[in-house]
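Read through the structure below, which is laid out as structure tokens, and then see the notes.
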Amino acid sequence: SIIMNLLTMMWPQFQQWRKEGEAGRRKITKATRYLTLGIALIQGTSLAVTLGNQGLAFDTGPTFLFVAALTLVTGSIFMMWLGEQITERGVGNGISLLIFSGIVSGFPAAIGQMFEAARLGNINIIALLVMGALAVAVVWFVVRVERGQRRITVNYAKRQQGRRMVQAQSSHLPLKINMAGVIPAIFASSLLLAPASMASWFGSNPGMGALQQIALVLSPGQPLYIMMFAAGIIFFSFFYTAIMFDPKDVADNLKRQGAYVPGIRPGAQTSKYIDDVITRLTVFGALYVTLVCLLPEFMVVFFDTSFQLGGTAVLIVVVVAMDFMAQVQSHL
């Protein structure tokens, strides 16, 4: 779904579908389904082979591989269908709510493990309280930043409507601080998971020891993993924002509506001004996402414990919950 979202901004054919309204939306949904099926087939087959190589199956013959891959692919397609039904008949994005449910369902067990570790003396009770306070502070920080806006003042010139003269009006162009949302974190973590996945598939083969070494260096908590994860988040924040938001289109729309930014000439100068504002916002937004996603990694090192709740998971949960609440309030 995310890949199709990017392609609709980059691929001329998908851009044309996007402009076709309901018919175009159906074509994009159909293409998304086929793409999902293809990815599920690749991942399902790879996972079935991995299970067989790790000795977790009684029989690693073709029958096991076929049944395991078919089960995984069918489950994925069912979840996709369920997400579409929630989107069409419910409130909010169905797939996001399913991911939200999966993450939240693991929270009680993770919190229980932390308390059990404190009871056994593996974690200092003071450290546990500090971690709890930090978790609350992170949620508060995420909510504040996600609700934050940079408002560019826009003035509308006087215009004639029939026999009536409409007076000049003032409005604002709201720009979110974090326009890319959780996409950069998902993309960066997915790319860094690729070496570990390939090591589990092919690492046991002769001559593939180097692949296992690469997977070990890029495992969570390692310095190289943290640096590459941060670099990936920052890159995808700028990349996704550049694709999803075009300052030139915004400037052209303002010009057509007879609107202008005070002190800025309409057209190219307005486009450059909006682009500069977006760039500064994206710098802050990228650093904010990086901080939230890497904070659990630093807590694991600092408190010398296995912290179960990842920063990406917390970010997804808070953002989806806020979106759900906003949609419920708009329906009410």
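Side notes on the structure shown:
- Accessible surface of TYR34, taken over heavy atoms with a 1.4 Å probe and every protein chain present, rounds to 150 Å².
- Axial C-alpha extent at least 27 Å, average Kyte-Doolittle at least 0.0 - helices from the chain (DSSP): 22-53, 62-89, 125-147, 183-202, 223-244, 268-303, 311-331
- When Rg and Dmax are taken over the Cα atoms of the chain, they come to 24.2, 84 Å.
- Other-chain or far-sequence residues with amide H under 5 Å of LEU173's (modelled H): ILE152, THR153, VAL154
- Full extension of the segment from LYS27 to PHE141, taken as 0.36 nm per residue of separation minus the current Cα-Cα distance, would add 37.1 nm.
- Only Cα pairs under 8 Å and 6+ residues apart enter the sum, and on that basis the relative contact order of the chain stands at 17 percent.
- Per residue, the accessible area of the chain comes to 61 Å² when a 1.4 Å probe rolls over the protein heavy atoms.
- Its Cα gyration tensor gives segment 1-56 an equivalent ellipsoid, and the semi-axes of that ellipsoid, as √(5λ) in whole Å with the largest first, are 34, 10, 6.
- Annotation note: trypsin sites (Lys or Arg not before Pro) in segment 1-101 located in DSSP loop regions with a Cβ neighbour count of at most 14 within 10 Å are LYS19.
- Evaluated over the chain, the count of Lys pairs having alpha-carbon atoms less than 23 Å apart is 10 (only pairs 8 or more residues apart or interchain).
- Estimated purely from DSSP H runs of n ≥ 4, each contributing -39500 (n - 2.57), the mean residue ellipticity at 222 nm for the chain is -25000 deg cm²/dmol once divided by its residues.
- Solvent-free Debye calculation, one equal scatterer per alpha-carbon of segment 233-332: log10 I(q)/I(0) at 0.16 Å⁻¹ equals -0.88.
- Sulfur and carbon atoms: percent of accessible area, segment 24-158 [1.4 Å]: 67 percent
The values are calculated or read from the model by the stated rules, or taken from the named source; none is laboratory data. Just so we're clear, the structure is a prediction, and the values are computed from it rather than from any experiment. Every residue, glycine as well, gets a Cβ built from its backbone with ideal geometry; the counts of neighbours run over all protein chains shown. Calculation scope for accessible area: heavy atoms of the full protein, side chains included, ligands and nucleic acids excluded. Shrake-Rupley method; radii C 1.70, N 1.55, O 1.52, S 1.80 Å.
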